[in-house]
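*Asks:* Handing you this structure, nothing more for now.
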Amino acid sequence: MLRKFFSSTAEVPETSAIPRHIAIIMDGNGRWAKKRMLPRVAGHQQGVERVRDVIRTCMEQGVQYLTLFAFSSENWRRPKEEVSKLMELFVMALEREVDKLHSNDIRLKVVGDLSQFSDQLQQLIREGEEKTADNEKLVLTIAANYGGRWDILNAMNHWLADHPGAKEIDEAALTPYLSMAYAPEPDLFIRTGGEQRISNYLIWQLAYTELYFTDILWPDFGAKPLEQAIAWYQKRERRFGRTSEQLLQH
Ligand code: IPE
Ligand code: IPE
Ligand code: MG
């Protein structure tokens, strides 16, 4: 199904009370574990549990797209053991969860430079995406080895390859080449763990997103905090460059 999505800096998108697309940076796993004198990986394990809660709440609330940052292009800088534990967890989660996602009518997508992952992981990702490709209730995107700058450059390079000799590109031409071209831009961004930064997440797509930061560590984030974030979102006035008075006329 081909949908036309608006670019928030080119046209005024429609808004609705429930964010259509929520993008989350799941941060604070390490600190959660440290507070309990546990190894960092225990925090990541607990974090996977919260992903389940958040998916469930999104389905209940009618959110159509949920995008989770699982591993950034900069996370390779972590200690080798932590990186390989994270990869193991990713493999395990795919092995265990894809069937459940499928039976819940959830479509799985993974965005990022997947070429750096093991063959096994790449295959599991492909299989999971293929199996769930026709599902429609929720599109769950995992950003893995993802970086916003990589995304933009990757899109540019593919566009250039398709348009040899071209001298100029505009928004409308570029956006179909971005890795999340199948989704509208996020309405609500959430970062847990207290940091107030984007960390090279969806830097293009977040241009007009409402940004919500909470000190709650990701392994403590569940249905209630997500509902609070959505309630906060519902109080925002999304003007997209216009004035409040103009909004009242609509
Ligand atoms: C986020 O939690 C998970 C990943 C980056 C994979 P962190 O591991 O960054 O947790 P903190 O920030 O050290 O607490
Ligand atoms: C961002 O978290 C990436 C993920 C949650 C996967 P980090 O904890 O790695 O971010 P920085 O580097 O501290 O900003
Ligand atoms: Mg962190």
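*Asks:* Whats the longest run of the chain with zero trypsin sites (Lys or Arg not before Pro) that are DSSP loop and have at most 16 other Cβ atoms within 10 Å?
*Replies:* Longest run free of exposed loop sites: 37-136.
*Asks:* Here is a follow-up. I want to check a number: in the chain, how many lysine pairs have alpha carbons closer than 21 Å, given a sequence separation of 8 or more or different chains?
*Replies:* Final tally of qualifying lysine pairs is 11.
*Asks:* Additional query: Between ALA10 and ILE152, take the C-beta separation as r, use R0 = 22 Å, and let me know the FRET efficiency to the nearest 0.05. Please report the intermediate quantities before stating the final value.
*Replies:* Details: r = 16 Å, r/R0 = 0.73.
That pair, ALA10 with ILE152, gives E of 0.85.
*Asks:* Okay, moving on. Starting from the Cα of SER244, step 7 Å along the direction of its Cβ; do the same at ARG56; then give the gap between the two resulting points in nm.
*Replies:* 4.0
*Asks:* Which of the three applies to the chain, rounded, prolate or oblate, going by the alpha-carbon gyration tensor with a ≥ b ≥ c and a/c under 1.5 meaning rounded?
*Replies:* Since a/c reaches 1.5 but b/c is at least a/b, the shape of the chain is classed as oblate.
*Asks:* Another question, then. Between LYS224 and VAL83, what FRET efficiency comes out of the Förster formula 1/(1 + (r/R0)^6) with R0 = 30 Å and r the beta carbon distance, rounded to 0.05?
*Replies:* In this case the efficiency is close to 0.40.
*Asks:* In nanometres, what is the gap between the two model label sites at GLN196 and GLN122, each 7 Å from Cα along Cα-to-Cβ?
*Replies:* Result: 4.1 nm between the two label points.
*Asks:* Still on this model: What number, rounded to the nearest 500 deg cm²/dmol, is the helix-based mean residue ellipticity at 222 nm of the chain, given -39500 (n - 2.57) per DSSP H run of at least four residues and division by all its residues?
*Replies:* Calculated from helices alone, the mean residue ellipticity at 222 nm is -13000 deg cm²/dmol.
*Asks:* Taking the Cα centroid of the range 8-70 and of the range 144-210, what is the distance between the two, rounded to the nearest whole Å?
*Replies:* Computed from Cα coordinates, the inter-centre distance equals 19 Å.
*Asks:* Right, here's the next one. I'd like the FRET efficiency for GLU74 and ALA231, computed as 1/(1 + (r/R0)^6) with the beta carbon distance as r and R0 of 25 Å, rounded to 0.05.
*Replies:* 0.20
*Asks:* Please give me, ordered by residue number, the GluC sites (Glu not before Pro) of the range 42-149 that lie in loop per DSSP and have at most 16 other Cβ atoms within 10 Å.
*Replies:* Passing both the DSSP loop test and the Cβ count: GLU74, GLU136.
*Asks:* Excluding PRO79 itself, what net charge comes from residues whose Cβ is under 13 Å from its Cβ, given Lys and Arg +1 and Asp and Glu -1?
*Replies:* Computed value for this residue: +3.
*Asks:* Quick one: net charge around LEU247, please, counting Lys, Arg +1 and Asp, Glu -1 for every other residue with C-beta under 9 Å from its C-beta.
*Replies:* So the environment of LEU247 carries a net charge of +1.
*Asks:* Same structure, new question: Mind putting a number on the dipole of the chain about its Cα centre? Charges go on the C-beta only, +1 for Lys and Arg and -1 for Asp and Glu, and I need it in Debye to the nearest 20.
*Replies:* Dipole size: approximately 760 debye.
Coordinate-derived values only; no laboratory data. Predicted, not measured: the structure shown is a model, and the values here were computed from it. Note that each Cβ is placed from the backbone with ideal geometry, even for glycine, and that neighbours are counted across all protein chains shown.
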